[in-house]
Amino acid sequence: MKSQDTPFEGGPMDGRTLPVLLGATGHPPKTYRIPVPDAAGGPPTVLVYRREPRGHSKRLGRVTGWKYRYDADGGRGGGIRWPWSKPAGTGGPQTAGGPDAAGSGEGPGGPDAAGEADGPSTPPGK
């Protein structure tokens, strides 16, 4: 596998350069997690670094290299975001009337809103 010496900025790894394995596209991973063992034997602390462009070429504006910047929040972030996926941190879509309003026949989604309270309508003239 191919690797690239990548600098780290911020956090405990500030100023260090480590060889990072490149993926199939020739880029290092978007997030780099470094587990640091606890001295007391507890669960390890995980340092999270996010990939950023190191610089851009003058003529074409292409990325000339990558660096990792410390992410103090350490959130999950990254990952693929599909348009139909739920936003992070929500339990799902909420309706205005609560869970009972959708099937009760009342409110915005019920038959009263569509004019079907009297039953199916017949076209005029028949």
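Filter region 26-70 for residues that are over 21 Å from K2 (Cα atoms), in a strand (DSSP E or B) and of a type in the set (A, V, I, L, M, F, W, C) and give the result.
Answer for region 26-70, where residues must be over 21 Å from K2 (Cα atoms), in a strand (DSSP E or B) and of a type in the set (A, V, I, L, M, F, W, C): V36, V46, L47, V48.
Could you look through region 3-20, keep only residues that are assigned to a loop (DSSP other than H, G, I, E, B) and not acidic (D, E), and pick out the one that is surrounded by the most Cβ atoms within 10 Å (Cβ to Cβ)?
Here the residue is G10.
Per-residue answers, yes or no, for (1) open to solvent by less than 100 Å² (accessible area, probe 1.4 Å); (2) within 20 Å of the chain's Cα centre (by Cα):
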residue: L22; (1), (2): yes, no
residue: P37; (1), (2): no, no
residue: P53; (1), (2): yes, yes
residue: S57; (1), (2): yes, no
residue: G61; (1), (2): yes, no
residue: R69; (1), (2): yes, yes
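The values are calculated or read from the model by the stated rules, or taken from the named source; none is laboratory data. Note that the structure is a prediction, hence the values are computed from the model and not measured. A quick note on method: Cβ atoms are made from the backbone with ideal geometry, for glycine too, and the neighbour counts reach across all protein chains shown. Remember, those area values only see protein heavy atoms, side chains included, never the ligands or the DNA or RNA. Shrake-Rupley method; radii C 1.70, N 1.55, O 1.52, S 1.80 Å.
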